[in-house]
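S.K.: I am attaching a structure below and will ask some questions about it afterwards.
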Amino acid sequence: MEYPYPIKIRAVWWDNNRVCWIDTSKLPFEEKIYCTDDPERLAKAIITMEIRGAPAIGVAAALGVAAYALKISSTNREEFVKRVEEAIKTLWNTRPTAHNLFWALTRMRNTLKTSIDEELSPTDIAERLRREALEIMDEDIRANIRMGEYGAELVPDNATILTHCNAGALATAAFGTAEGVMRVAWYKGKKIRVIATETRPVLQGARLTVWELMKEGIPVTLITDNMAGYVIRRGMVDLVIVGADRVTREGYVINKIGTYMIALAAKRNNVPFYVAAPTSTIDLNSSIDDVVIEERDPEEVKKVLGRPITLENADALNYAFDITDPDLVTAIITEKGVVKPPYPENLKRIVGSQG
Ligand code: MRU
């Protein structure tokens, strides 16, 4: 595939009829690559965050369904369909918050359904699923580049951008959403700097965002999560750009835990707060009451890089995401354009009809 910008880092890809990924839970200390056509192994990779970031888990799940379908395409039709449906279910039940996972698996399920209606053979259905999954992956990269181009217009020269978590190449098939905006601004010659929050408890900012931006040559400074309010108040931040796991029809943004506090600080200090999210993250069918915020194992909070930081029997809470109100969001950058308030009307107009 040809893209208008260099694709230097890939989080998930297709190789020899298998889905492959770089294990983001080990970066930047180890660069481990795995490939599989086993849905159980892939589900484990998503749950344990070897693969993470809303678009990346959607793309990986789609590729995983295709890889499994190709592997079992010699079984009889009824058995084949049953097993592909089971694989979709296994992947569906991995992480509950990011919309992209359900969006991608719904596309795969719809492809399966139409192929059944057309009475295709298992081999032909598997081939259709392969094409659909590769299309989902390619669309993700193209959407990120388009978002980058729209978003870069909002970035002044010499700007300092604060970001949270990792909404980069390592959270998508490639290129990134928030980091995609930074990449295009940088490639267009804008002299940007980035402030990255470490992102407790699993340190996506410190481990992934810093690694990826340093590889790109974009100046990046790491801060602890607790510093975000102060650096914003000090006037050190010109704009905030984050990604999203889900955007509801009202314009609520669900993203990595800590995003809400950054949005509050940005609003209070008149710093623009942008969200870069492809339309596959926007769910016009979900309202804020439908959103499930993932609660992860408290052990993640009780440790840093696997080392205990508190008493073994201490009580801890581990919400993985939080909710940012629409009135704190200056604009949502999508691959179809920049959406400004009022979000209910404008998201509907730009995202169009969704299934
Ligand atoms: O728990 P994670 O690492 O999967 O959370 C990731 C985020 O919150 C990202 O900001 C979001 O998925 C957008 S990635 C383009």
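The values are calculated or read from the model by the stated rules, or taken from the named source; none is laboratory data. These numbers come from a predicted model, not from an experiment. Note that each Cβ is placed from the backbone with ideal geometry, even for glycine, and that neighbours are counted across all protein chains shown. Note: accessible area is taken over every heavy atom of the protein model, side chains too, but ligands, DNA and RNA are not part of it. Shrake-Rupley method; radii C 1.70, N 1.55, O 1.52, S 1.80 Å.
S.K.: Going by a 4.7 Å Cβ-Cβ cut-off, which cysteines of the chain have no partner at all?
M.R.: So far as the 4.7 Å Cβ criterion goes, C165 stand without a partner in the chain.
S.K.: Subtract the Cα-Cα distance of K26 and Y5 from 0.36 nm times their separation in residues, and report this length gain in nm to one decimal.
M.R.: Additional length available on full extension: 4.9 nm.
S.K.: Also, I was wondering about something else. Pairs K8/K336; K8/K191; K188/K336; K267/K348; K82/K113; K26/K303: which exceed 18 Å Cα-Cα?
M.R.: Flagged as over cut-off: K8/K336; K8/K191; K188/K336; K267/K348.
S.K.: Next up: What do you get for Rg/Rh of region 23-122 when both radii come from the Cα atoms and Rh is the Kirkwood radius?
M.R.: That ratio equals 1.01.
S.K.: Still on this structure: Please give, to one decimal in nm, the separation of the simple spin-label points placed at K215 and W92, each 7 Å out from Cα toward the Cβ.
M.R.: About 3.4 nm, to one decimal.
S.K.: For the residue pair L120 and T75, what label-to-label distance in nm results when each label sits 7 Å from Cα along the Cα-to-beta-carbon direction?
M.R.: According to this spin-label approximation, the distance is 1.8 nm.
S.K.: Under the Karplus relation 6.51 cos²θ - 1.76 cosθ + 1.60, θ = phi - 60°, what is the ordered set of whole-Hz ³J(HN,Hα) values for region 75-88, x standing for Gly and Pro?
M.R.: Using θ = phi - 60°, the values come out as 6, 5, 4, 5, 5, 4, 4, 4, 6, 5, 4, 5, 5, 4 Hz.
S.K.: In whole angstrom, how far apart do the alpha carbon centroids of region 250-265 and region 135-192 sit?
M.R.: Value for the Cα centre distance between the two parts: 19 Å.
S.K.: Please compute the length gained on full extension between I323 and I288, using 0.36 nm multiplied by the number of residues separating them and subtracting their Cα-Cα distance.
M.R.: So the extension gain works out to 11.7 nm.
S.K.: What's the whole-number percent of alpha carbon pairs in the chain lying beyond 25 angstrom?
M.R.: Result: 51 percent of Cα pairs exceed 25 Å.
S.K.: For the chain, with every protein chain kept in place, what is the accessible area per residue (1.4 Å probe, Å²)?
M.R.: With all protein chains present, the chain gives 43 Å² per residue.
S.K.: Along region 305-314, what does the Karplus equation 6.51 cos²θ - 1.76 cosθ + 1.60 (θ = phi - 60°) give for ³J(HN,Hα), rounded to whole Hz, x for Gly and Pro?
M.R.: 6, x, 9, x, 10, 8, 5, 4, 9, 5
S.K.: Obtain the nm distance between the two label points defined at N17 and M227 by a simple spin-label model: each point lies 7 Å from its Cα along the Cα-to-C-beta direction.
M.R.: Inter-label distance under the simple model: 5.0 nm.
S.K.: Using a 10 angstrom cutoff on alpha carbons, build the Gaussian network for the chain and name the most mobile of N270, N76, N226.
M.R.: N76
S.K.: A further question on this structure: Around S286, which amide H atoms from residues at least 5 apart in sequence, or from another chain, sit under 5 Å from its own amide H, with H modelled in the peptide plane?
M.R.: R249
S.K.: May I ask for the Rg/Rh ratio of region 51-183, computed from Cα atoms with Rh as the Kirkwood radius, given to two decimals?
M.R.: My calculation of the ratio gives 1.10.
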